[in-house]
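Following: one structure in structure tokens, then a few remarks.
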Amino acid sequence: MNIEKDRDLLPYNTFNLSAIARYFVVVRNVSELMEVLRSDIFKSNPFLILGGGSNVLLTKNFPGLVIKNELTGIEVINQTTETITLRVGSGEPWHKFVMYCVNNNYGGVENLSLIPGTCGAAPMQNIGAYGVEVRDVINTVEAIDLKTGDVLVFENKACRFGYRESIFKHEMKNKVFISSITLTLTKTSHRFNVSYGAIKDVLAQSANNEITVKNISDAVISIRQSKLPDPKVIGNAGSFFKNPSIEESTFTRLKQKFPGIPSFPGENGLIKIPAAWLIEQNGWKGKTFFNIGVHKNQALVLVNYGGGDGQKIWELASEIRSSVIDKFNIDLQPEVNVI
């Protein structure tokens, strides 16, 4: 175990922001993690667990220990003629894992192609796209209690999954280190979800428009690449805000004032409004402010064009939230973890 001092986190976050961690360590297995947990530096400092850095906004230097998660590996733990159950290390890049599944024709995560981050972050955020969420395929989440070192296993229901929510963002936040996840995927009789029009349209335009695991994945990748900037080129953390859910009575009042307001069904009888539409109505889409701004193709994505400042990006996000409250009386909640 090598705990470094004063490490710049610029290579470790997709916003491409510079911030200095007082201490920094990479853990590649549970044994290394346990060694870190026993160290005086961990016991006497605040800590931050960093995976792919794709859902983090660094607004200042970090005064404690950053633990970079690199627990990788994919293991088959059970399979039948119809399904396969895999255990995946929490530091495994999510898209790399999805490509492993696609290449083996395992169904269930193809709609989640090209989502950045790690497999450990997937249940924390309950990542989702194009009608599919990771809770649909997760069996268990294995985690290490940061205080006792005990191994904890959370069954799907115990994870308390919701829209971009889980127990790991609330009750278990900063209390556990997710070490692996298990997922059950289909080998045959795949249950495809192509209900989103964009996927249907791309498949229809393809020379081979058969609905398969690979073709759906290819369509999702094509759609995401057309809408979202590559973090290697333009710093960003994907969707900055969640799509808000409101009561039906509130939606009815808003629709009378804004007849063109789009919507789709949310959980528990609520109505979900696209946050991107709300932001666009306030004229933010494509706006730039020196070296930061709102992406020209997707109003949900805040960007760093190079040399940007995390605090300035947070101030921009706050201005966007205020404008949406003023016009629609809806408070947009950040999807990104602000440090």
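Tell me the helices (runs of 4 or more DSSP H) entirely within the range 1-118 that contain at least 1 residues that are outside the structural domain of Val194 (by TED's automatic domain parsing).
Numbers: elements: 30-37, 40-43, 94-103.
Output list reads 30-37, 40-43.
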If the requirement is being of a type outside the set (S, T, N, Q), crowded, with 18+ Cβ neighbours inside 10 Å, touching a residue at least 24 places away in the same chain (Cβ under 8 Å) and touching a strand residue (DSSP E or B) at 6+ places or on another chain (Cβ under 8 Å), which of these qualifies: Ile273, Ile216?
Ile273
Close pairs (7 angstrom Cβ cut-off, 6 or more residues apart or separate chains): in the same structural domain as Lys200 (by TED's automatic domain parsing) and in contact (Cβ under 8 Å) with a residue 40 or more places away in the chain in the range 125-142, part of a strand (DSSP E or B) and of a type in the set (Asp, Glu) anywhere
Asn126/Glu133; Asn126/Glu165; Thr140/Glu155
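Collect the residues in the range 196-211 that are touching a residue at least 40 places away in the same chain (Cβ under 8 Å) and either in contact with a Pro (Cβ under 6 Å, 6 or more places away or on another chain) or assigned to a loop (DSSP other than H, G, I, E, B) (or both), keeping them in residue-number order. Spell out the reasoning first.
Within the range 196-211, the first condition is being touching a residue at least 40 places away in the same chain (Cβ under 8 Å), and the residues that meet it are 196, 198-199.
Within the range 196-211, Tyr196 is the sole residue that qualifies.
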Any residue at all in the range 321-336 that's closer than 19 Å to Gly128 by Cα, touching a residue at least 12 places away in the same chain (Cβ under 8 Å) and touching an Asp or Glu at 6+ places or on another chain (Cβ under 8 Å)?
no
So, of the residues in the range 143-193 that are free of Cβ contacts under 8 Å to residues at least 12 places away in the same chain and part of a loop (DSSP other than H, G, I, E, B), which turns out to be farthest from Glu32 (Cα to Cα)?
Arg160
Say whether the condition of being modelled with pLDDT of 95 or more, within 23 Å of the chain's Cα centre (by Cα) and of a type in the set (Gly, Ala, Ser) is met by at least one residue in the range 226-236.
yes
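Just one of Leu48, Leu10, Leu65 is within 26 Å of the chain's Cα centre (by Cα) and crowded, with 22+ Cβ neighbours inside 10 Å; which is it? It would help to see each step written out before you state the result.
Working: Leu48 fails: crowded, with 22+ Cβ neighbours inside 10 Å; Leu10 fails: crowded, with 22+ Cβ neighbours inside 10 Å.
The conditions single out Leu65.
Yes/no matrix, rows are residues, columns are (1) closer than 26 Å to Leu17 by Cβ; (2) in a helix (DSSP H, G or I):
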{"site": "Thr252", "(1), (2)": "no, yes"}
{"site": "Gly260", "(1), (2)": "no, no"}
{"site": "Lys285", "(1), (2)": "yes, no"}
{"site": "Gly308", "(1), (2)": "yes, no"}
{"site": "Gln311", "(1), (2)": "yes, yes"}
{"site": "Trp314", "(1), (2)": "yes, yes"}
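The values are calculated or read from the model by the stated rules, or taken from the named source; none is laboratory data. Keep in mind that what you see is a predicted model, and the values were worked out from it rather than measured. Neighbour counts are summed over all protein chains in view; Cβ atoms, including those assigned to glycine, are modelled from backbone coordinates with ideal geometry.
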